[in-house]
Amino acid sequence: MPYIQPLDRAAATGATAATLDAIQKKLGALPNLFRTLARSPAALQAYVQLAAAAGGGRFDAARRERIALTVGEANDCGYCVAAHGALGAMAGLDDAQIEAARVARANDARETAVLSLAQRIVANRGHVDTAALDAFKSAGFDDADVLEVLVNVVLNVFTNYTNHLARTEIDFPVRAKLAA
């Protein structure tokens, strides 16, 4: 049972109602995460604005979904793993790519470098050693790309922690926990 109850859409007013309507139009549904964030207009707008900024960056949707899967798995967020499994499929990832992203792997060295950096940022709370940053850059990335990975990690940590605190009910196809 959720600790923070999702806001009933009918109870939303003003900018919150408009934001929820836009999300529902874009996704074809109104996931529990957004109705939960709507309990605080500041939290909902923080998510929407950061997601828009990340979406306007260098990384395409498939890469952003891979990062979300890596971060969700690193933070043990079943909601986000389920949600980004579904969204990843919508972005063109197949099931093998979705499962690989959960463990920071991809079918190409550049994508694996992105996911490895994302995983290290989470695991080390941002304290990533110079050798790991240099390895990321040697895969063909630059300083701006380091920051793009960070923006996407931060966005997903926000939703992971929201779901942990709220105990958000999963309303996407659940993905099995990975073996230890």
Residue-count net charge about PRO2 - beta-carbon cut-off 9 Å; Lys, Arg +1, Asp, Glu -1: 0
Length-normalised contact order for the chain - Cα pairs under 8 Å, 6+ apart - percent: 32 percent
Charge dipole magnitude, Cβ of K and R +1, D and E -1 - the range 62-126, Cα centre, debye nearest 20: 320 debye
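Could you tally the net charge around GLY140, taking each other residue with its Cβ under 12 Å from the Cβ of GLY140, Lys/Arg +1 and Asp/Glu -1? Before the final figure, lay out the partial values.
On the way: positive: ARG110, LYS137; negative: ASP108, GLU111, ASP142, ASP145.
Every neighbour counted, the sum reads -2.
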Selection from LEU178, ALA51, THR168, by position along the positive dipole direction of the chain (Cβ): THR168
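Taking all protein chains in place and a 1.4 Å probe, what share, in percent, of the accessible surface of the chain do carbon and sulfur account for?
Its accessible area is 56 percent carbon and sulfur atoms.
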Candidates GLY28, GLY126, GLY92: whichever shows maximal mean-square fluctuation once the chain is modelled as a Gaussian network with Cα springs under 10 Å: GLY28
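Which of the trypsin sites (Lys or Arg not before Pro) across the range 108-180 are loop residues per DSSP, with 13 or fewer other Cβ within 10 Å?
On the way: sites: ARG110, ARG120, ARG125, LYS137, ARG167, ARG175, LYS177; in loops: ARG125, ARG167, ARG175, LYS177.
Passing both the DSSP loop test and the Cβ count: ARG125, ARG167, LYS177.
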Value at 222 nm in deg cm²/dmol, rounded to 500, when DSSP H runs of n ≥ 4 in the chain each add -39,500 (n - 2.57): -21000 deg cm²/dmol
C-alpha long axis of helix 109-123 to longest principal axis of the chain, angle in °: 60 degrees
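Quick check for me: using +1 on Lys/Arg Cβ and -1 on Asp/Glu Cβ, what's the dipole size of the range 1-154 about its Cα centre, in debye to the nearest 20? Don't skip to the answer; put the middle values down first.
Values: 15 positive and 17 negative charges, 96 e Å.
Roughly 460 debye, rounded to the nearest 20.
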Backbone HN-Hα couplings from phi across the range 91-108 [Karplus 6.51/-1.76/1.60, Hz, Gly and Pro as x]: 8, x, 7, 8, 4, 5, 5, 5, 5, 5, 4, 4, 10, 6, 10, 8, 7, 8
Rounded tilt (10° steps) of 78-90 against the dominant C-alpha axis of the chain: 80 degrees
In sequence order, calculated HN-Hα J values of the range 154-161 (Karplus, 6.51, -1.76, 1.60; Hz; x Gly/Pro): 4, 4, 6, 4, 4, 6, 4, 5
Label-to-label distance, nm, for residues given as ASP76 and HIS164 (7 Å Cα→Cβ offset): 0.9 nm
Global form of the range 15-57, assessed from the alpha-carbon gyration tensor, a/c cut-off 1.5: oblate
Of LEU33, LEU133, ALA17, farthest towards positive along the dipole that unit charges on Lys, Arg, Asp, Glu beta carbons give the chain: ALA17
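Can you give the accessible area per residue of the chain, in Å², using a 1.4 Å probe?
Numbers: 9270 Å² over 180 residues.
Averaged over the residues of the chain, the accessible area is 52 Å².
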Angle in degrees between helix 14-27 and the longest Cα principal axis of the chain, rounded to the nearest 10: 60 degrees
Cα-based shape type of the range 18-167, given that a ≥ b ≥ c are square roots of the gyration tensor eigenvalues and the cut on a/c is 1.5: prolate
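The values are calculated or read from the model by the stated rules, or taken from the named source; none is laboratory data. Source: prediction; values computed, not measured. Cβ atoms come from the backbone with ideal geometry, glycine included; neighbour counts cover every protein chain shown. Side chains are part of the model used for accessible areas, which takes the heavy atoms of the whole protein and leaves out ligands, DNA and RNA. Shrake-Rupley method; radii C 1.70, N 1.55, O 1.52, S 1.80 Å.
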